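Presented below is the structure to which this report refers.
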Amino acid sequence: MADDIKPRIRVPQNPKKGEVIEIKTLITHPMESGQRKDAQGNTIPRRIVNAISVTYNGKPVFSGKLEPAISANPYLSFFVKVEENGTLAFEWKDDDGSVYKAEQKITLAG
Amino acid sequence: MMRRDLTLNRRRIVVGALGATAAAALATVFAGPASATPESAKQLLQTLAKGDPKEGRVSVKAPEIAENGNAVPVTVSVESPMTEKDHVKAVHIVADGNPNPGVASFFFTPASGKAEVQLRVRMAQTQKLIAVAEMSDGTLWSAAREVKVTIGGCGG
């Protein structure tokens, strides 16, 4: 299995203090639903990213539980209110136990 | 003359074989695992957020017709000031025509600033998406939206 799992994150540059900004995330992942069959008719085992959690300076801002009904390469966008400079930390959990992490620094304008 | 007949035949055979594969693929889709029903979707919602949701405050945006059920863009947003006292705690999304009704649950905090999430959903067939929002005061709100799917996204 091609294991090229890479998180991608996009945040606006230099938001103002107190601004509610949109965070876009995508992680390359097959999100194998467990419903498909291979050429021999065997069910391909389920393997999905089942959870995401996001913190800003250690405080939880957003999290989610995902089911196989989420498309391959799961894309999610959501909002965060930024009051101070800091770091957004992202964590995705895979069915196979792997954890993928990413970080993004945010510097306020001015 | 002979040769021409042969090629024609061969083409017919190829087309016939393709047709058979397509039919087999369709058969596996329909003979596949029992799909979710509006009832099982409702039951799942009760386990996620117990109670009787009122209609309103939640909006589910999705295309009316999705040509490709593999990735249907969906936006769910909830009206809320998102303050410490009054915010959206969670949004649960289910679909009533997929092999399993669950789609996702999202959890917010006042630091989210806005209770809105965009995602892409697999949809096996034309069906209804239902979102239920759980507020910090314990009330539940919901909205539903039907999406017509031309090509299903749970390939057999």
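What to note about this one:
- Under the Karplus curve 6.51 cos²θ - 1.76 cosθ + 1.60, θ = phi - 60°, whole-Hz ³J(HN,Hα) for region A:77-83, x wherever Gly or Pro sits: 10, 7, 10, 9, 8, 9, 10
- Bridgeable aspartates and glutamates around A:K81 (alpha carbons under 15 Å apart, same-chain partners fewer than 8 residues away excluded): A:E19, A:E22, B:E84, B:E116.
- ³J(HN,Hα) computed for each position of region A:84-99 - Karplus, 6.51 cos²θ - 1.76 cosθ + 1.60, integer Hz, glycine/proline x: 7, 4, x, 10, 8, 10, 10, 9, 10, 10, 9, 3, 7, x, 5, 10
- Counted residue by residue at 0.36 nm each, then reduced by the alpha carbon distance between them, the extension gain from B:R145 to B:S40 reaches 36.1 nm.
- Computed from backbone phi with θ = phi - 60° and the Karplus coefficients 6.51, -1.76 and 1.60, the 3J(HN,Hα) list for region A:56-65 is 10, 6, x, 8, x, 10, 6, 8, x, 10 Hz; x is used for glycine and proline.
- A:K59/A:Q13 FRET efficiency (R0 22 Å; Cβ-Cβ; nearest 0.05): 0.50
- GluC sites (Glu not before Pro) restricted to DSSP loop in region A:38-108 with at most 14 other C-beta within 10 Å: A:E83, A:E84
- Dimensionless Rg over Rh [chain A; C-alpha; Kirkwood]: 1.08
- Placing dummy labels 7 Å off each Cα toward the beta-carbon, the span from B:K50 to A:D95 is 3.0 nm.
- Each Lys and Arg adds +1 at its Cβ and each Asp and Glu adds -1 at its Cβ; summed about the Cα centre, chain A shows a dipole of about 260 debye.
- Rounded accessible area of A:R8 (nearest 10 Å², 1.4 Å probe): 130 Å²
- Label-zone membership for region B:106-145, site B:E64, 7 angstrom Cα→C-beta point, backbone N under 18 Å: B:126-129, B:144-145
- When region B:38-149 is reduced to its Cα atoms, the Kirkwood hydrodynamic radius in Å: 14.0 Å
- FRET E, pair A:T87, A:R36, Förster distance 41 Å, beta-carbon r, rounded to 0.05: 0.60
The values are calculated or read from the model by the stated rules, or taken from the named source; none is laboratory data. Quick caveat: nothing in here was measured; it's all calculated off a predicted structure. Neighbour counts run over all protein chains shown; Cβ positions are idealised from the backbone, glycine included. Just the protein is used for accessible areas: all its heavy atoms, side chains included, with ligands, DNA and RNA removed. Shrake-Rupley method; radii C 1.70, N 1.55, O 1.52, S 1.80 Å.
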